[in-house]
1. Within the bounds of segment 399-409, is there any residue that is within 37 Å of the chain's Cα centre (by Cα) and not in a loop (DSSP other than H, G, I, E, B)?
2. Which condition breaks for residue 437 when tested against (1) more than 17 Å from residue 399 (Cα to Cα); (2) assigned to a strand (DSSP E or B)?
3. Return the residues of segment 366-391 that are within 27 Å of the chain's Cα centre (by Cα), under 20 Å from residue 560 (Cβ atoms) and either loosely packed, with under 15 Cβ neighbours inside 10 Å or not assigned by TED's automatic domain parsing to the domain that holds residue 560 (or both); say none if nothing qualifies.
4. Please determine, by comparing only the residues of segment 473-500 that are part of a loop (DSSP other than H, G, I, E, B) and touching a strand residue (DSSP E or B) at 6+ places or on another chain (Cβ under 9 Å), which one is farthest from residue 525 (Cα to Cα).
5. Which residue pairs have Cβ atoms under 9 Å apart, sit 6 or more places apart or on different chains, and have a first residue in segment 638-659 that is outside the structural domain of residue 606 (by TED's automatic domain parsing) and in a loop (DSSP other than H, G, I, E, B) and a second that is crowded, with 19+ Cβ neighbours inside 10 Å and modelled with pLDDT under 85?
6. Quick one: in segment 326-346, of everything that is under 18 Å from the mean Cα position of the chain (by Cα) and surrounded by 13 or more Cβ atoms within 10 Å (Cβ to Cβ), which residue is modelled with the highest pLDDT?
7. So which of 69, 76, 100, 87 is outside any loop (DSSP other than H, G, I, E, B), buried (at least 21 other Cβ atoms within 10 Å of the Cβ), modelled with pLDDT under 80 and in contact with a strand residue (DSSP E or B) (Cβ under 6 Å, 6 or more places away or on another chain)?
8. Looking at residue 610, is it in the same structural domain as residue 647 (by TED's automatic domain parsing), surrounded by fewer than 19 Cβ atoms within 10 Å (Cβ to Cβ), at pLDDT 55 or above and over 21 Å from the mean Cα position of the chain (by Cα)?
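The values are calculated or read from the model by the stated rules, or taken from the named source; none is laboratory data. Here the structure is a predicted model, which is why all the values come from computation and not from measurement. Cβ: placed from backbone, ideal geometry, glycine included. Neighbour counts: every protein chain shown.
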């Protein structure tokens, strides 16, 4: 049981944050002999039953950070044997009258029950006593005795720590300082109106960290003249707002409410304080990736995965709200919808106000959503239409998934697609993320129509002078280097003599190795017969009728306009482009599934593109567009060319644009 490891640091931080000091637990357990403090009509007999301990979301794990509860049930309970004390409070001052009732928890759930409590006031303080700092409460029976004081100084040096008592010292928290061993590190307690918890339909009582934090503020506002209910509500609002939460999440002491949204607040508090991390480094690196999960993918993974993802994002929403609050960013309200703030030094660049919450993302731009149907196989795709100040573009908002397996009308296309497309590993039907194509199959062209030349090193052994002579020649790239089959070993002459005989016969392990060694200085186009001389504006490629492969200008217009409006491709909802990245999903077991969101397939992120003319291939080879960087830097002045001999097999995804 690791509850105790939350530590005294938590108390200190909460005290600093909320500026209060907790009063020590009363040890007065004298019998009740009459009414104290309250009005006579408030005296009565009550039964109190509930549980002590925090409740966390049941399914709550992030990659690399285990946020599940200690027992896997979404709860963190106090130990069996813990003493629960119910103290009567004066109804005018909320101070103890001296009467207390005691129960010892005899279970592992933190449940307690005390019958026939005679109170002269409806208000009572419920608190726990006893000690539990080390794991499994190993200090019980040791600290507080003649051998150990009620406070113990934990040394910073691990060897010194072990020297304290080698039987259990290693179970102490892994930090140093003076710890009070007379109470739990978080002395769970709460002040309640006992009348709310009477009867079969009454609220279910839960004493937790939040109810503990509420006590001093509740007493403060009650003393200022507010009713008990009003003072409690104001205290709860103030505490939640100190964590960047501006919603009314219900009574802190109501077990049903705590199991809901309040459980995420508790989880966040423990995460912040247990980790000892600064708020400006508390979020996962590239936190926006957790907001990019495809709904289709989630649905395909089942109910557990959907719940896990929903809990993960909800937890991050609360952490981002806390982060924004600590950064001095005002509350996200409807009047601030679509406002953003940027933080340097984090893996995420921008946070945006959406639906009254700060979330990781960028601005939302204006666009119109629609659909289109590919007549070739009947597949329906989402579309998005933009109006960039009079320049209109309509794009597919999903990746193309056409394999020509339904219709054999275009036998040439079928031949070019065969063996040149594939699906993502966890998406065997390509329904989630579309299909990957080799560039040449996306273009629907035969490799023989692509002519490349390369500058190669030519070494000749001059027998007359007994010396090697080097020169550079421009040659046509061999057809075998342009084909898809490059695994065969190749025997070749690496050095010839001036008379044409072979001086050195080498063997490459594969065609790819041979071509890579020979054409390492890059290739360039000398012609591209499939491109019309007027430009490639209407090159259909593998796209449906009426749609085409976007060219460099199309991508530039889209990319520059999205960026200039403060939006991002990575924010599918904000940009409308529907850009989802393939993600890896894994389940450790059915009880605590681990959803690893954001593990991107860093390869195959490019989209197919064509140049606007055949000559453009010689300038910057805009054959693929990367959403995060656009087109690679131009190498127009490089006389050796800029293309790889294997570029036609570059794996790309296809987003068609409407003619």
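1. Looking through segment 399-409, none of the residues is within 37 Å of the chain's Cα centre (by Cα) and not in a loop (DSSP other than H, G, I, E, B).
2. With (1) more than 17 Å from residue 399 (Cα to Cα); (2) assigned to a strand (DSSP E or B) applied to residue 437, the lone miss is (1).
3. 366
4. Going through the qualifying residues, I end up with 498.
5. none
6. My answer is 343.
7. Testing whether each residue is outside any loop (DSSP other than H, G, I, E, B), buried (at least 21 other Cβ atoms within 10 Å of the Cβ), modelled with pLDDT under 80 and in contact with a strand residue (DSSP E or B) (Cβ under 6 Å, 6 or more places away or on another chain) leaves just 76.
8. No: the conditions fail for residue 610.
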